[in-house]
Amino acid sequence: MEKNQYNAEDYKEGYWEYSHENGELNARGNYVDGLDEGYWEFYFYTGKICSRGYYKNGREVGYWEFFNNKGKLVRKDYLLY
């Protein structure tokens, strides 16, 4: 799977990954015409999951889960578009 691509209009498109300065994964998810779309995950500097949930047209929607820096689930939210 290719990642970190731009479309013809120079917007972010498809699957993207971002890394912290230490090389650990920071975030991963998809873009459509430069807007966050679909499932995304975010990570602490240590590589542990920080949060995960869905985007629609660049906005957080639906159920999101938030974790402490040890990876323990600490909160669930339902976000309206």
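The values are calculated or read from the model by the stated rules, or taken from the named source; none is laboratory data. If you're wondering where the values come from, they're calculated on a predicted model, not measured in any experiment. Here Cβ is always computed from backbone atoms with ideal geometry, including for glycine, and neighbour counts include all displayed protein chains.
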So Gly29, is it more than 23 Å from Leu79 (Cα to Cα) and either among the aliphatic types (A, V, I, L, M) or not in a loop (DSSP other than H, G, I, E, B) (or both) | no
Failed item in (1) basic (Lys, Arg); (2) under 19 Å from Lys3 (Cβ atoms); (3) assigned to a loop (DSSP other than H, G, I, E, B), with Lys70 passing the rest = (2)
Restricting the stretch 39-81 to residues that are hydroxyl-bearing (Ser, Thr, Tyr) and under 13 Å from the mean Cα position of the chain (by Cα), the one surrounded by the fewest Cβ atoms within 10 Å (Cβ to Cβ) turns out to be Tyr39
Which condition number does Val61 fail, the rest of (1) in a strand (DSSP E or B); (2) at pLDDT below 95 being met?
-> (2)
Going by the conditions given, is Glu13 assigned to a strand (DSSP E or B), of a type in the set (Asp, Glu) and under 9 Å from the mean Cα position of the chain (by Cα)?
-> no
